[in-house]
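Note sheet for the following structure.
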Amino acid sequence: MNSSDIARIRLQTQQIANPQFSSPKDLVGWMGAVQAQDYRMVKWALGVRLPGSNLETIEDAIKDGDIIRTHLLRPTWHIVAANDIRWILDLTAPRIQTATRSRHKQLGITKEVVARSNRAIEEALTDGNHLSRKELVTALEDAGFENKDNMASHLLLQAELDGVICSGATKGRDYTYALMDERVPDVPKLSREESLAKLARTYFRSHGPATLDDFVWWSGLTLTDSRKALEMIKPDFQSEAVESREYWFSESSVNTADAEKSAFLIPAYDEFLISYKSRNVAISENIEKKAISNNGIFRPVIVVGGQVVGIWKRSVQKTKVTIETEFFDKPSLDIREQVEESAGEFARFLVRETVEVTHHWK
């Protein structure tokens, strides 16, 4: 196994090449969690892994509560399967809350303030009342909470970490909040050791080959907890050293059949890049800054054979999608045709009738 092999295998374990799932719930359950701060792009992150799906497929899964958008792991926005959200929160929320303690002290956010805020949020959302962020912030202000120094964001994050709220159905173009107890089934609690093992197993199965450092980065767990989690699952996984790093993976999760195509339009902040601490197996150091800015903005990328070869942007009109590519080197005709095929899939996902693709290269 070499670096290029690792990148190609990840295309398959991450369900981009040779995808195996047909529903958003099953796909997200396989992935564990999908980073989702770009609400529009994360829908394509699921769509590119679900052949034949469209925007309505994803919207329905969100509306029905099959998949949930909330803050967990590092933390940032993630989409997670409804059956997984409680145990992942139980495992990762305490570390996030420790990290926010200093800022909460500066803002005067005490346990009593959080309790009052959570009560006000529950009252605003009870009986299936899904509110946009703006509407929920207004409800907090009406309850006497001044949104000074962006305090409302901290109170909403705390309510998510406390398991009070999660995402609701989309309202127009806005995401909404809903009460978790009204959206998410109650499931048997896992012990901490069970949760550690389950999170590690899920990550290395769906993101492997990956290193311990990659898992630490993705999960937000301490190095000690991450090592413990990996030790518990090692008997079920294989490892191989590549360029002084030890990569762990499940052989049974790798489909060794050749993918039907090798070129893909991958959305911004996609798990294919963002879920690893080191990304050098998929993107060379000399072009990384073209795809990932210094302040951590991940652009939509063109991936060929597991390697990032360019970036792309889109413009969506009522009936048409316009795709503009920027390759880092001149692509072959075959690659351009595969990218155009991916652009057509993107247009069909957005339920647009036509797609226009313009290629550029240095």
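The values are calculated or read from the model by the stated rules, or taken from the named source; none is laboratory data. What you see is a predicted model; the values in this text were computed from it and never measured. We place every Cβ from the backbone using ideal geometry, glycine too, and count neighbours over all the protein chains shown. Only protein heavy atoms, including side chains, enter the accessible area calculation; ligands, DNA and RNA are left aside. Shrake-Rupley method; radii C 1.70, N 1.55, O 1.52, S 1.80 Å.
Which order do the peptides 275-284, 144-153 take when ranked by the mean count of other beta-carbon atoms within 10 Å per residue, highest first?
The packing order, highest mean first, is 275-284, 144-153.
With Cβ to Cβ distances under 10 Å as the rule, what net charge do the other residues near residue 250 carry (K, R +1; D, E -1)?
Charge balance in the 10 Å sphere: 0.
Using only the Cα atoms, work out Rg/Rh for region 247-362, with Rh taken as the Kirkwood radius, to two decimals.
My calculation puts Rg/Rh at 0.98.
May I ask you to give the solvent-accessible area per residue for the chain, in square angstrom, as obtained with a 1.4 angstrom probe?
Counting only protein heavy atoms, the per-residue value for the chain is 46 Å².
Ranked from highest to lowest mean number of other Cβ atoms within 10 Å per residue, what is the order of the peptides 293-303, 82-92, 216-226?
82-92, 216-226, 293-303
What does the highest-first list of 17-26, 349-358 look like by mean Cβ count within 10 Å?
Ranked by mean Cβ neighbours within 10 Å, highest first: 17-26, 349-358.
Report, to the nearest whole %, how much of the accessible area of the chain belongs to carbon and sulfur atoms, 1.4 Å probe, protein only.
Result for the chain: 46 percent of the exposed heavy-atom area is carbon or sulfur.
Once you wrap a convex hull around the alpha carbon atoms of region 172-284, what is its projected area averaged over all directions, in nm²?
10.9
Here are some pairs, 148/313; 171/313; 134/313; 290/320; 43/320; 171/277; which of them have Cα atoms lying more than 30 Å apart in this structure?
With Cα atoms farther than 30 Å apart: 148/313; 171/277.
Tell me the GluC sites (Glu not before Pro) within region 212-310 that lie in a loop according to DSSP and have at most 16 other beta-carbon atoms within 10 Å.
Passing sites in region 212-310 are 243, 260.
Need one number for the chain: average projected area of the convex hull over its C-alpha atoms, nm².
18.7
Given Cα pairs under 8 Å that are at least 6 residues apart, what percent is the relative contact order of the chain?
Computed over the chain, the figure is 19 percent.
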